[in-house]
Structure formats: structure tokens, C-alpha cells
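Chemist: This structure is in C-alpha cells; I'll ask about it shortly.
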Amino acid sequence: MRVTNKLNFTNALSNTMGGAVALDKIRKQISSGLKIQDSFEDASVYIDNTRLEYELKTLEQIKSGTNSAKEMTQNSMKALQDMSKLLENFKVKMTQAATDSNSQTSREAIAKELERIKENIVQLANTSINGQYLFSGAHLATKPFDSKGNYFGDKNNINVVTGAGTESPYNIPGYDLFFKADSDYKKQITTNISLTDNRYDLKQNPEKTTYLKGDTPWKNLIGQGYVQDNKLDIDKDFEQQDTKLEFPPSALYVQGTKPDGSSFKSAVLVGPEDKMEDVLEKIGNLYGNTKENRVVDIHINDSGQIHITDLKEGNNKLDFHAVAFTPQFTDKQNLQNIQEKMKQAQPAISNENLTNMIMQKALEPVPAPVPPVQLSPENSNRVSNLTNPVTITINNENFQIHLKRTDFIHSKMTDERNNPSDGGDYDNVFFEKQGNSVVGNYPQVIKGSNKYATEATKLSETTTLDVNHRMILQVQSKGGNTYQATINFANQTVSFLNQANPPQTISFPIMHTNPATGNSGMVTNNNDITYKQLNDIVGMFVSDKLPTQSITPNNGLINQNDYNMLQNLIRDSKATVDVSLDYKGRMSVTDRLSTGTNINVALYGNFSGKFPVPPYTTTASTHGGANLVFQANNALTIDEPNVDIIKDLDLMIEAVLQGDMRADHTSDNPRNTGMQGALERLDHLADHINKLNTTMGAYHNNIDSVHTRALFLSVNVQSIKSGVIDADYGESVMNLMQTQIAYQASLKASATIAQMSLLNYL
């Protein structure tokens, strides 16, 4: 083999460059502390290092996020703890106010203290840290509550990342704080009229007021009400066996909602000797009580009021209304004469038959309409519209007999005839006015879930719509006009009197957009009608935005022109009024352009006030009750799973100012449950706050655990990463020395070889 200068030069250059590269690599390892500088040097090391670097960055983010979240949970827990202490103080003051020895002046002073406590609770609910509100849900920049307890945040939690694909909540939305239901509480309702022993004339002798108990006979409740002159003798006519009168039974009408959400109506005869506890047992059976299974507890409280408790926790549907009618005679002699004629009749007429004869006459159709309400045949058989007195024939002799109405619930509402409501009225009443709004008091609750309905909820999700069911809408509009409309769910139409050309009526369909065209309409199926559609209909009447001629669908389709007209009317109505369901599922109509309003709205079923028809027996006859109720003269709620903290506290303060110990139908606000009801409700509110504090504590502990784990993992990952990417300094220095020696030897050998030539051997 011939060795040339070029080969020697190439080899020397290659060795020199290789040694230089090796030295440079080792020097970089020593200066950077890393095994490699670029991915091509060692792909496996580079990939492992990149993965570990990503994990470290993730852990850093988790540490940073959980640290901030811990601060919010700590501040939230402090706010909740302070709220709990304020509620404890509120209860102390409320207990003090409930003492009978307090004067009006002292109650007013206590009420001012309670008002300050309530304001402090609102301030705590509006706590802001570093520009972020603790209880506004995901709307951290929005102040959650106003002074009235209205909520402006949302219902969402905010979450912190706790790992790959995992998050943990770390706040309590204000909705949960002030409104969310507690599933471990039972709904309790009460009447607000105290049942007393009316054998005494309590107007003349108020000191003889005695509240009924379970073993009190029904006749004591009616008492002097059996006659108009109030001159029955308490001993001879009620007690002594040889002289006491035979009183006819009363017709008791009960309606309400069972724990399962189904409604009912019932009529039954109650005998004068029936004990109150037996009457209450019959009412309990209407709700589903049996000997083996009780679904409600019903009793008379110490104030003589009927108290009903749903025995299933978390239910929010229980409702109750009752009224009784008893034949009332001119005087004792008149009663005795009629009973003598009853015995002489062939066949003899029993007391039960007498009551049935009277009720049949009283429930006969109203002979003539009463403006401005256009009464229909459906207005017959209504206990809210009885004929009183009535004339009946006994043994060929006519007698005029009055009906004594016994009320169990009374509210300062207005019925559909614009008269003050009485105990016979239930849902045929106008909404309550609140500033520039009229608001229904009856929440719409979704069946099976106990959640409040929203505008997107279908009516069929809250009730069963009978094809014969219609709603009567009575409105005094923003413009001062009076309307009565019929909302017919059987054919999905709305009809009303054409005021420009009575008695002609105008009708239009309940519709939605046709998805096939996008610019025409379709009649909405009965079971698909939503609360938004119902709200839009109410808004059209309230704002006077109504069609001037009927709109008739063609095979369920509405043409483009009619569709656009209805859509424009709905849109125009929303410019002046807002009709919606509030946070408790109650219909609310707001006048957008006024601080007060002349608007009135009543919305009730065509079977309102109608019960099974006579004859009645001592066994209750029942049928289905009201399908949709928006405003009701119903039983008052003492406690329920849902809370409404600020408005609850406002009612408690009002009870202190009024001096109401319990619900009182004579009070300025007869729907206030009084100070005794407030004390029971306060225990629930305090427990509600404590539960949320416990929840927040669980959030804090979880986040703190994640934070600690992230710190630990960060150290471990850093250690693993160091083992993967960090250079061994000792090893690198030894390699440097060895490489330098080899490099220097290579340089020397290259220099020596470069000087050699054949001339040196010639």
C-alpha cells in the first residue's frame, strides 16, 4: 500500500476535528450541567426530558392555581362563619322580640337591630377580594346581591385544575348561598285563621277565646254560627242531652297538592259531633295517608291553626286550601221548626239531606253575567260564587236558609270580580303588586325533581294538561284596557272579546317557528307548550299588543304574514313590559316604563272553585284539582327545603314590627308566619349556612391536599429529570482529561507524520 501526503493530511484533519468536537461537547456538559444540548445528540434523553419538563410546568400551574384557590376558600369560609354568627345573633334578638312583655317601642328598637344584622349579611355576601366577588358564581366581576337580596351572579362554580383532565370547585355561588334547597328538610304549611270555640260570642266576650284541640267537636267551631241572632245557649243547646239541638252537618271543601305533585279536590260532610282530630284524619287521607303508611302529618297547633308537614324530606309541592259551609237559620226557633217539618216529610228528611238540598241550590248556575267578567256555564258549581241565601221546600213549605262560611285561610287579595277575596277563593285572584311589578305567589315546580321551572320548561313538565283544561286570563293592561281571554290547550288557541265589535271574538294560535322554513309558524303541540310561550301571551294582553282579526292555521301551519305579525306583536310588547318566571318559578309581570304600575293580572283554570257536586256523604268524594296555579289564597309556608334568606329575614323583621306571634289573618300582612314561625325557619337558615361552610371546608381541604401533593410531585419529577438530563461533573471532568490527552496525542502524531517524506530515506 502506498501512503500519500493527502491520506496523511485527511486522517490528521479527521482526528483533530473529532477530538475538538469531543472536547467541545464535554466542555458544554460541564458549563451547562446538561448531558445533551440538542435533540439529535440523544433522542431518548431529549424525549424523556421534554416530557418531564411538561409535567413540571403543569405542576407549577397547579401549585399557582391551588394557592390562589386556597386564598379564596379561606376568605369564603371566614365570610360564611361570620354569617353564621350573625344569624345566631338574629335568632337571639328574635327570641327576645317574641316575649309577650315587649312594647311596640321595644319591638321597633329590636327590629332596627335586626335590620342592621340583615344588612351585614348582605355585605358579607358581597365580599370582594382583589376585585373578585366571592359569591357571584363565575361572574367574578359582578356584585352578586342588592339590598333586597336579588341575585345578579350565576349558578356556576369556578374550578381549579388539579391534574390532567381533573378540576375541583373552590367557590359557593350566591344562588346556592341564598336560595338553594336543602334536601333534608320537610315542607311545613299552616292556615292563618285560628279555629276557636265559637259557642261564645267572642266579639262581645273576647276574654273567652279558646283555641280548638283535637278532641273538640266540630259543632264548637260553628257555635253561634248555626243561627243568625247568636242566641244559642252554650249549655242547653250544645251540651245537655235532653235539650241540645240537632245541628245539620257542614259541607267541607278541601283542595291542594299531594306530596307526589298531583292535585285534588274533595267535598265531604262533617257532622256536628265529629272530633277535629277525625276531620284532620280525613284530610290526611286525601293526601294519601293510610293506616300502614303516612305521607303527611296534620294537626292543630297551640294557636288553633291547621299545621301540615310533608313527611318526605326534600319535597316542595305540598299545598292546602279549605272552606266549609254550614246551614244557618234565623234563630233557634226557626231551626226547630225546620227540623219538625223534616220529620213530618214523607220520607223523612235527614240532616245530611238538608245540607245537600241547601248546597245543591247554592251551587246552581249564576242566572246572569256580572260585568266586566263574562261568566260562562263553567261558573256554576263554584264555591267562590255561591247563591246565598237559598230557598228550599220542606213538606210543601218554603224556607229561606243562609250559609255560614267557615274560612281557614284569608289573604288580602282581590278576586276575579275585583272584590276583596274571602276564604272561598283559591286561585281566582289577582297577582300581588310589588312596585312596578305584579307577581304570582305560586311557584311552578318540575315534577319529580323539585326544581323550579324556567321559561324553557314545558307546561307538561310541571302538570298534566287535560284536553278539557283551559286557562282564564284577566288583565287590566298598561293602557287601562280590560281583557278576558281564554287559553285553550285542547286546540292551542287564545281567544278574547273584540272590544271594537262585541260580541265578536278574536282568536290566534299558540305557535312556534316552523323549522322547515324559518320564516313561518306551526301550531305548538299541547304537551310542548312552554312557559315562555305562555309569558308571551300574557305580555301581549298587558301591553295592548293584540291582533285585530282572527288568525286561522291551515293544517297546523301559519303563513309568513300572520307569523311575522304575531312575532312583531310579541317583540313590541317586550319593549314596554317584561313577563318571566323569577328564580322561584313564579310568574312576574314588570312595567318597564314606570316605577309603579296599574297592571293587574289574574290567571286561573276554568274549573277554579268547582268541586264534586252534591249529594255529599261523610265519605269524601274527590277528583283532580287545579292543573296550573299562578296565584293562590293558599296555606302559608312555615318552612320548606328551599330558602330565600334575605326575603325570609325581611318577613321576620316585619313580624316583629307588627307584633305577630303566629300567622294572623287580621295582620297587615296575613301571609306572614309570625315570630314563632320565624324561629323555626331561622334554625333552617343557620343550618343552611353551616352546610355551605362545611362544603367550602371540604373544597379547601381538597385543594390544600392537591397543593401539597403538587409540591411533593414537583420535587420528585425534578429529581427524575435531573437524573435524565443532568451531567455527572466527575465523570465529565475525567472524560475531559482523557479526551484532552487523546486530542493532544493526535495533534502531535499528525505533526510528526506531516514532516515525513521518501526524500528522508534516499
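The values are calculated or read from the model by the stated rules, or taken from the named source; none is laboratory data. The structure presented is a predicted model; accordingly, all values stated were derived computationally and were not measured. For neighbour counting, all protein chains shown are included, and Cβ atoms are generated from backbone atoms with ideal geometry for every residue, glycine included. Note: accessible area is taken over every heavy atom of the protein model, side chains too, but ligands, DNA and RNA are not part of it. Shrake-Rupley method; radii C 1.70, N 1.55, O 1.52, S 1.80 Å.
Chemist: What's the number of the only condition in (1) aliphatic (A, V, I, L, M); (2) in a helix (DSSP H, G or I); (3) surrounded by 14 or more Cβ atoms within 10 Å (Cβ to Cβ) that VAL92 fails to meet?
Modeler: Only one criterion in (1) aliphatic (A, V, I, L, M); (2) in a helix (DSSP H, G or I); (3) surrounded by 14 or more Cβ atoms within 10 Å (Cβ to Cβ) is unmet by VAL92, namely (3).
Chemist: How many of the residues making up segment 507-560 are in contact (Cβ under 8 Å) with a residue 60 or more places away in the chain, farther than 22 Å from THR462 by Cα and among the hydroxyl-bearing types (Ser, Thr, Tyr)?
Modeler: 1
Chemist: Collect the residues in segment 139-175 that are among the β-branched types (Val, Ile, Thr), open to solvent by 40 Å² or more (accessible area, probe 1.4 Å) and out of contact with any Asp or Glu (no Cβ under 9 Å at 6 or more places or on another chain), keeping them in residue-number order.
Modeler: The answer is THR166, and nothing else.
Chemist: Would a scan of segment 199-214 turn up a residue that is at pLDDT below 95, out of contact with any Leu (no Cβ under 6 Å at 6 or more places or on another chain) and crowded, with 21+ Cβ neighbours inside 10 Å?
Modeler: yes
Chemist: Could you grab me the full set of residues in segment 468-483 that are open to solvent by less than 30 Å² (accessible area, probe 1.4 Å) and part of a strand (DSSP E or B)?
Modeler: Result: MET471, ILE472, LEU473, GLN474, VAL475, TYR483.
Chemist: To continue, here is another question. Determine if segment 572-590 includes at least one residue that is without any contact (Cβ under 8 Å) to a residue 24 or more places away in the chain, of a type outside the set (Asp, Glu), under 24 Å from VAL523 (Cβ atoms) and open to solvent by 70 Å² or more (accessible area, probe 1.4 Å).
Modeler: Within segment 572-590 (the criterion being without any contact (Cβ under 8 Å) to a residue 24 or more places away in the chain, of a type outside the set (Asp, Glu), under 24 Å from VAL523 (Cβ atoms) and open to solvent by 70 Å² or more (accessible area, probe 1.4 Å)), the answer is no, since none of the residues qualifies.
Chemist: Does ILE117 qualify as being among the β-branched types (Val, Ile, Thr) and open to solvent by 20 Å² or more (accessible area, probe 1.4 Å)?
Modeler: So ILE117 fails the test.
Quick grid of which residues meet (1) open to solvent by less than 10 Å² (accessible area, probe 1.4 Å); (2) over 22 Å from the mean Cα position of the chain (by Cα):
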| position | (1), (2) |
| --- | --- |
| GLY625 | no, no |
| LEU657 | no, yes |
| ASP687 | no, no |
| MET696 | yes, yes |
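Chemist: Report, by residue number, each residue of segment 432-443 that is part of a loop (DSSP other than H, G, I, E, B) and open to solvent by 10 Å² or more (accessible area, probe 1.4 Å).
Modeler: GLY435, ASN436, ASN441, TYR442, PRO443 - these are the residues of segment 432-443 that are part of a loop (DSSP other than H, G, I, E, B) and open to solvent by 10 Å² or more (accessible area, probe 1.4 Å).
Chemist: Looking at ILE193, is it open to solvent by 10 Å² or more (accessible area, probe 1.4 Å) and touching a Phe, Trp or Tyr at 6+ places or on another chain (Cβ under 6 Å)?
Modeler: yes
Chemist: Considering segment 281-304 alone, what residues qualify as being within 18 Å of HIS321 (Cβ to Cβ) and basic (Lys, Arg)?
Modeler: Scanning segment 281-304 gives a single hit, LYS282.
Chemist: Right, here's the next one. If SER128 passes every condition in (1) of a type in the set (Ser, Thr, Tyr); (2) touching a Phe, Trp or Tyr at 6+ places or on another chain (Cβ under 8 Å); (3) without any contact (Cβ under 8 Å) to a residue 24 or more places away in the chain but one, which one does it miss?
Modeler: Just one mismatch for SER128, condition (2).
Chemist: Kindly establish whether SER64 is modelled with pLDDT under 95, open to solvent by 60 Å² or more (accessible area, probe 1.4 Å), in a helix (DSSP H, G or I) and small (Gly, Ala, Ser).
Modeler: Answer is yes for this residue.
Chemist: Report, by residue number, each residue of segment 494-553 that is of a type in the set (Ser, Thr, Tyr), over 18 Å from ASN564 (Cα atoms) and surrounded by fewer than 15 Cβ atoms within 10 Å (Cβ to Cβ).
Modeler: Residue satisfying the conditions is THR505 alone.
Chemist: Which residue is modelled with the lowest pLDDT, if the candidates are limited to segment 484-493 and must be open to solvent by 20 Å² or more (accessible area, probe 1.4 Å) and within 30 Å of the chain's Cα centre (by Cα)?
Modeler: Among those residues, the one meeting the criterion is ALA490.
Chemist: Condition check: in a loop (DSSP other than H, G, I, E, B) and under 19 Å from ASP425 (Cα atoms). Does ASN642 satisfy that?
Modeler: So ASN642 fails the test.
Chemist: Let me ask something additional. Going by the structure shown, is ILE558 open to solvent by less than 20 Å² (accessible area, probe 1.4 Å) and at pLDDT 95 or above?
Modeler: yes
Chemist: Okay, moving on. Do we find a residue being touching a His at 6+ places or on another chain (Cβ under 9 Å) and hydroxyl-bearing (Ser, Thr, Tyr) anywhere in segment 250-273?
Modeler: Checked segment 250-273: at least one residue is touching a His at 6+ places or on another chain (Cβ under 9 Å) and hydroxyl-bearing (Ser, Thr, Tyr).
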